[in-house]
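For reference, the structure discussed in these notes is given below.
The values are calculated or read from the model by the stated rules, or taken from the named source; none is laboratory data. Keep in mind that this is a model prediction, so the values were computed, not measured. When we count neighbours, we look across all protein chains shown, and the Cβ atoms used for this are built from the backbone with ideal geometry, even at glycine. We work out accessible area using only protein heavy atoms, side chains counted, and drop any ligands, DNA or RNA first. Shrake-Rupley method; radii C 1.70, N 1.55, O 1.52, S 1.80 Å.
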Amino acid sequence: MSYQDYLDREKLILTVATTGGIHGKDANPNLPEQPEEIARQVAACEDLGAAIVHVHGRDEHGENDPTRLQAVNDAIREQCEDIVIQNTTGGQSPYENRVQGIRTEPYPEMASLDMGPFNRGEHIITEHTRHNIKRLAREMHEKGIKPELEVFNNGHLNEVHRLIEEDILDPPYYINIIFGSGTFSMPTPRNVINMIDNLPEESIFNLLATGPNQLPLTTLGMIMGGHVRVGMEDNLYYRQGEQAESNAQLVERTVAIANWLGRDLATPAEAREMLDI
Amino acid sequence: MTCPFLEYRHADDEYEFDHERPYCAVQEEFVSPMKADICNDRFDFEHETDCEIYKAHVAEEEPELAAQDDD
């Protein structure tokens, strides 16, 4: 994908990540944690044009709990029209927990697939060995679940190439390039462009950037012909010093930018077709 | 064993919630969902070795205990 795709007015797939596993209501009380409130916010985002929702589960204390993915999936299906559900298989818990993201019923149409480990805090490192990544990829393949390949840093792109060479993935490869602090790729426009230049053939990219990088780098992603993810998992603020009121507020701004740039939004059905789901 | 400084509270001076949330009595603030795994010694985490806040607090307030840990 490239700037030419932008000029060709490739439709934009907008993903919303409402909740995540990092922040809680103590960081922003508007962040939804429980199934019904997540589903309400997802429905509002779908109305605005989001085609995919990235889903995490939380327990009654707001702590990470993959067994709650089923309840969140059920609530989204009840309150939303057609949005594509993408469950997480990431996080810092063991494989047995993370695989719950592809064992909900019915299976989600998509799931995240982290391409390698990353650090959190002083002592946390996520348990994403190549062995576990392949196990997840194979189970997704068996179940017809489209993986979103999470490239947290430049080295993880090597891992994507490796999986393609090992014939574990089916094209088009949907690659989420991630920019932020810590072990994420450094959030600069030059790094975005370099990452895009190194994508494999037959790939489609989505761009995710954290905190204050969300607005400028997702805009750059749209200009470079890619797709974007926004939401409170990645960014708790609407602007500096002003907390986001909702996920819909962040989605609405991205939709407005897409309109100004001439990128029409893909419906969930169109996103399925583009990603071969 | 969970961290002795972990509490579950509905509110602090700033926020009030519908459900109890993990709260660190050392920092006097709510704990992020990610950090709560360490407080609760979930998975392979242990607050005594993996929580920098616990370690610093023990070193400052209970140096004898911290010295034993170094043995």
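Okay, here's what the table says:
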{"quantity": "Test: residue in the range B:24-32 that is more than 7 Å from chain A (Cβ to nearest Cβ), within 12 Å of the chain's Cα centre (by Cα) and small (Gly, Ala, Ser)", "calculated": "yes"}
{"quantity": "Residue list for the range A:1-29, restricted to those being small (Gly, Ala, Ser) and either within 12 Å of chain B (Cβ to nearest Cβ) or outside any strand (DSSP E or B) (or both)", "calculated": "A:2, A:20, A:21, A:24, A:27"}
{"quantity": "When residues of the range A:66-97 are limited to those that are open to solvent by less than 10 Å² (accessible area, probe 1.4 Å), in a helix (DSSP H, G or I) and not polar (S, T, N, Q), the one nearest to residue A:35 (Cα to Cα)", "calculated": "A:72"}
{"quantity": "Counted residues, the range A:246-256 - those being in contact (Cβ under 8 Å) with a residue 60 or more places away in the chain, surrounded by fewer than 23 Cβ atoms within 10 Å (Cβ to Cβ) and touching a strand residue (DSSP E or B) at 6+ places or on another chain (Cβ under 7 Å)", "calculated": "1"}
{"quantity": "Answer residue from the range A:30-52, given it is surrounded by fewer than 24 Cβ atoms within 10 Å (Cβ to Cβ), part of a loop (DSSP other than H, G, I, E, B) and touching a residue at least 40 places away in the same chain (Cβ under 8 Å) and is farthest from the other protein chains (Cβ to nearest Cβ) among those", "calculated": "A:49"}
{"quantity": "One residue from A:219, A:183 being assigned to a loop (DSSP other than H, G, I, E, B) and open to solvent by 10 Å² or more (accessible area, probe 1.4 Å)", "calculated": "A:183"}
{"quantity": "Sole exception among (1) in contact (Cβ under 8 Å) with a residue 24 or more places away in the chain; (2) in a loop (DSSP other than H, G, I, E, B); (3) over 24 Å from residue A:247 (Cβ atoms); (4) not aromatic (Phe, Trp, Tyr) for residue A:133, by number", "calculated": "(2)"}
{"quantity": "Residue within the range B:1-21 that is in contact with a helix residue (DSSP H, G or I) (Cβ under 6 Å, 6 or more places away or on another chain), under 18 Å from residue A:124 (Cα atoms), facing chain A (nearest Cβ under 9 Å) and not β-branched (Val, Ile, Thr) present", "calculated": "no"}
{"quantity": "Test: residue A:89 is away from chain B (no Cβ under 11 Å), of a type in the set (Ser, Thr, Tyr), farther than 27 Å from residue B:17 by Cα and touching an Asp or Glu at 6+ places or on another chain (Cβ under 8 Å)", "calculated": "yes"}
{"quantity": "Conditions (1) more than 24 Å from residue A:143 (Cα to Cα); (2) of a type in the set (Gly, Ala, Ser); (3) more than 14 Å from chain B (Cβ to nearest Cβ); (4) open to solvent by 10 Å² or more (accessible area, probe 1.4 Å): number failed by residue A:121", "calculated": "(3)"}
{"quantity": "Test: residue in the range B:44-60 that is more than 8 Å from chain A (Cβ to nearest Cβ), in contact with a Leu (Cβ under 7 Å, 6 or more places away or on another chain) and surrounded by 14 or more Cβ atoms within 10 Å (Cβ to Cβ)", "calculated": "yes"}
{"quantity": "Lone unmet requirement of (1) farther than 24 Å from residue A:37 by Cα; (2) buried (at least 20 other Cβ atoms within 10 Å of the Cβ) for residue B:35", "calculated": "(1)"}
